[in-house]
Amino acid sequence: MRAPLILPLLLAGLGSPALADCVEVGRGGGEILAELTRVELSRDERALVEERFGPDFAEAARLGIAADALFRFARCELNGADPVELVAVGRSPAHCAGAAAFGDRGQTPVCGVWALSETPDGWVQVLETAGVARLGPSTTNGWRDVVIEQGGAPIVWKYGGAAYQEDLGDADPQAYSLEDFGGYGDGPSAIAWYAFDDPMPEAIDAAFLWFYGAEIRGAEGRVGVLPDAFRVGAVDLDEDGAEEAVVQGLSPDFCGPEGCQHWILGGLGRQDPPYVAGRLVGFDLQAAATGGRGGRDLIVSTALGLIVYRNDGAGWAQP
């Protein structure tokens, strides 16, 4: 059996050297260690920092304060993909509340925290908050949740498609949908993913073979596409005790800037062949707690944010 062709983003993040350099080893809480000075950053990172915090550095120079007294930095892999994100943490009274903490070691200051991510269109700021930041064990839309402590109850910031948000908001229909998804095969309600040649439930395996023969080998222009261009998921979406199959394309034939193609296969284990109950495009497919008459909602992330696909009886489509 070959190793899976694609690993969950969460596992990719946990195993990366960048993440090991980002958090304090042995603490268990994943506190972000911002220990890099500005001179230790790459040329591109320094240019980014000087542009983003230009007014801060200019004011520090006017007051005769060393630039490295303002911030420390960490490289943190937040979304399981290269390049890693750059996290800046304030160090001076200008960027921290609770000035007494600088003379009282018994009190932790609440300092600014910023996360900056490199995209094909340049660097963008994906997080701005204040407090002691640590990486949570969970993910939202493929990005590690960030837990912020400010002296009271911890606040969990989740990635909402374009930036981290403390609350995904009532206007976003995905907010309550995200309450109960396990993700990446963790938990009873999650999608369990398999590489195409992994041992998998018999009905799921048969559905994939049907899909590959009817949808791929039988389609014009895809004769050269091999089974290893896909991974297969199993999840009970309509809660009838029988799982549906999810097929995700992995190769450039099926993935582009807007996301990868996914197919939902229903009718498994019956005398009739399976059927395609939904065609979705996006990244980081998850099964939500909410749903329509035909089964649970499915959520994908895209450049435009989260998109919900709902089944009201005729298959999964955008509502």
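The values are calculated or read from the model by the stated rules, or taken from the named source; none is laboratory data. Small disclaimer: the values here were computed from a predicted structure and weren't measured. Note that each Cβ is placed from the backbone with ideal geometry, even for glycine, and that neighbours are counted across all protein chains shown.
Identify, by number, the condition in (1) free of Cβ contacts under 8 Å to residues at least 60 places away in the same chain; (2) over 19 Å from Pro201 (Cα atoms) that Val247 doesn't meet.
For Val247, the exception is condition (2).
Give segment 189-218 a look and list any residue that's out of contact with any Asp or Glu (no Cβ under 9 Å at 6 or more places or on another chain) and within 18 Å of Glu239 (Cβ to Cβ), or say none.
Ala190, Ile191
So which residues in segment 113-134 are polar (S, T, N, Q) and in contact with a strand residue (DSSP E or B) (Cβ under 6 Å, 6 or more places away or on another chain), if there are any at all?
Ser117, Gln125, Thr129
Answer with yes or no whether Thr129 is hydroxyl-bearing (Ser, Thr, Tyr) and at pLDDT 80 or above.
Yes: the conditions hold for Thr129.
If you go through segment 272-286 one residue at a time, do you hit one that is under 23 Å from Gly142 (Cβ atoms), crowded, with 21+ Cβ neighbours inside 10 Å and charged (D, E, K, R)?
yes
Filtering segment 69-99 down to residues that are acidic (Asp, Glu) and out of contact with any Gly (no Cβ under 8 Å at 6 or more places or on another chain), which residue is nearest to Pro120 (Cα to Cα)?
Result: Asp82.
Tell me which strands (runs of 3 or more DSSP E) are completely within segment 206-268 and hold 1 or more residues being at pLDDT below 85, or say none if there are none.
259-266
What is the residue count in segment 269-290 for residues that are at pLDDT 90 or above and within 27 Å of the chain's Cα centre (by Cα)?
Number satisfying all stated conditions: 6.
The rows are residues; the columns are (1) at pLDDT below 90; (2) touching a His at 6+ places or on another chain (Cβ under 8 Å).
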position	(1), (2)
Leu33	yes, no
Val49	no, no
Phe71	no, yes
Glu77	yes, no
Val84	yes, no
Gly90	no, no
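Determine, yes or no, whether Ala277 is within 30 Å of Glu118 (Cα to Cα), in contact (Cβ under 8 Å) with a residue 24 or more places away in the chain and not β-branched (Val, Ile, Thr).
When the stated conditions are applied, Ala277 does not pass them.
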